[in-house]
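Below is one structure, written out as structure tokens; comments come after it.
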Amino acid sequence: MDRLVYVDGTLYPKDEAKVSVFDHGFLYGDGVFEGIRAYAGRVFRLEEHLRRLYDSAKAIMLQIPLDMDAMRRVVVETCARNGIEDGYIRLVVSRGRGDLGLDPRKCATATVVCIADTIALYPAELYTTGMRVMTVPTRRSGVENLNPRIKSLNYLNNILAKIEANSAGYAEVLMLNDDGLVVECTGDNIFIVKGRRVLTPPPWVGILEGITRAAVMQVARQAGLDVAEEVLTRMDVWTADECFLTGTAAEAIPVVECDGRAIGTGRPGPVTADLIERFRRLCRSEGVPIRPDR
Ligand code: PXG
């Protein structure tokens, strides 16, 4: 089935869905986006994704031409028209078309794009064998520069780290902030497990506040674990009992090695396995229905 892509109020066949080369999203990376998942015919945590999109837009003083109710209908309708059951949604709001010159006032109206597609999952064995990660030289941008809480179209900071990952042969890498504190990976948040404690860095060190992160914190609390946001150094990761990453694309995935040090037993731990299972159940038990009969 040829995909239909929403662009500014119209659904176009995939190959006809286009944005101007004068769009400041293209010229300057000026815009915001969300990556959202649908499971079993329902959009997971859509309200949280919309909230984050509008907060990111507010931070860059981008006026979204639709209100949140209209945007919710755009997402659901784009999924419905594409027959999505399990899929991936990319919602993009760029500054829109304007003259050359980076002043955002050159753009009269923001461009809104919604793509609903299927997603290629990571190889299943990574979830049972676990991933290796390393820390990279590229530091995550500080909160006073480009605050990582803004999910912007400017992903070069993460892409530079991804290039270092590719050169070193890693699927994902760990980024530190300018103070050398652990923040997050290129497209995932990080957690460590120490005894019954489940720890993840706080937003102020410079992370994207992941929707998956929040969901995993919720299921971890339900499991009776002691969940906290704490400042972490590499030493904490090296000496953790267990470690895992969370993100819309990766869901929750075990990490078994960091910077050449085996984490815990060097195999995915029992707390991680339980949390992955609980998270998967949660994804299939809630969400905004794509079709009204669901
Ligand atoms: N940190 C960063 C820097 C991210 O980009 C996350 C954490 C996890 O956040 P969520 O809300 O997804 O739990 C992200 C999310 C992609 C892709 O295409 C990347 C993300 C999400 C979806 C797709 O690589 N990053």
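The values are calculated or read from the model by the stated rules, or taken from the named source; none is laboratory data. Bear in mind that the values here come from a model prediction, so they are computed numbers and not experimental data. Note that we place each Cβ from the backbone using ideal geometry, even for glycine, and neighbour counts take in every protein chain shown. Remember, those area values only see protein heavy atoms, side chains included, never the ligands or the DNA or RNA. Shrake-Rupley method; radii C 1.70, N 1.55, O 1.52, S 1.80 Å.
Being open to solvent by 20 Å² or more (accessible area, probe 1.4 Å), of a type outside the set (D, E, K, R) and outside any loop (DSSP other than H, G, I, E, B) is the filter here; which residues of the range 235-247 pass it?
Those that are open to solvent by 20 Å² or more (accessible area, probe 1.4 Å), of a type outside the set (D, E, K, R) and outside any loop (DSSP other than H, G, I, E, B): M235, W238.
Considering only residues that are of a type outside the set (V, I, T), more than 13 Å from L160 (Cα to Cα) and within 13 Å of the ligand (Cβ to nearest atom), which ones fall in the range 174-189?
N177, E184, D188, N189
Enumerate the pairs (first residue in the range 40-55 and charged (D, E, K, R); second residue anywhere and open to solvent by 70 Å² or more (accessible area, probe 1.4 Å)) with beta-carbon separation below 7 Å, excluding pairs fewer than 6 apart on the same chain, so at least 6 apart or on different chains.
R42/R294
Could you check the range 9-124 for strands (runs of 3 or more DSSP E) lying wholly inside it with 3 or more residues that are crowded, with 18+ Cβ neighbours inside 10 Å?
Counting at least 3 such residues, we get 31-39, 87-94, 111-117.
So, R234, is that one out of contact with any Pro (no Cβ under 7 Å at 6 or more places or on another chain), farther than 19 Å from R132 by Cα and more than 10 Å from the ligand (Cβ to nearest atom) or not?
No: the conditions fail for R234.
Could you check, for the range 150-160, whether at least one of its residues is within 15 Å of the ligand (Cβ to nearest atom) and either farther than 21 Å from Y28 by Cβ or aromatic (F, W, Y) (or both)?
For the range 150-160, residues within 15 Å of the ligand (Cβ to nearest atom) and either farther than 21 Å from Y28 by Cβ or aromatic (F, W, Y) (or both): present.
Taking E48, is it within 14 Å of the ligand (Cβ to nearest atom), over 16 Å from A116 (Cβ atoms) and in contact with a helix residue (DSSP H, G or I) (Cβ under 7 Å, 6 or more places away or on another chain)?
yes
Only residues that are more than 19 Å from the chain's Cα centre (by Cα), free of Cβ contacts under 8 Å to residues at least 60 places away in the same chain and closer than 21 Å to A120 by Cβ: list them for the range 265-291, please.
none
Mind listing just one residue for me: the one in the range 76-122 that is without any contact (Cβ under 8 Å) to a residue 40 or more places away in the chain and within 16 Å of the ligand (Cβ to nearest atom) and, of those, farthest from Y6 (Cα to Cα)?
Among those that are without any contact (Cβ under 8 Å) to a residue 40 or more places away in the chain and within 16 Å of the ligand (Cβ to nearest atom), it is L121.
Yes or no: the range 64-74 includes at least one residue that is within 16 Å of the ligand (Cβ to nearest atom), of a type in the set (A, V, I, L, M) and over 15 Å from the mean Cα position of the chain (by Cα).
no
So that you can scan it fast, the table gives a plain yes or no per residue for (1) touching a residue at least 24 places away in the same chain (Cβ under 8 Å); (2) open to solvent by less than 10 Å² (accessible area, probe 1.4 Å):
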site: T186; (1), (2): yes, no
site: V193; (1), (2): yes, yes
site: W204; (1), (2): yes, no
site: A215; (1), (2): yes, yes
site: A223; (1), (2): yes, no
site: A249; (1), (2): yes, no
site: V256; (1), (2): yes, no
site: I263; (1), (2): yes, yes
site: D293; (1), (2): no, no
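Working carefully through the options V231, V288, find the one that is modelled with pLDDT of 95 or more, open to solvent by 30 Å² or more (accessible area, probe 1.4 Å) and not assigned by TED's automatic domain parsing to the domain that holds V183.
Answer to the selection: V288.
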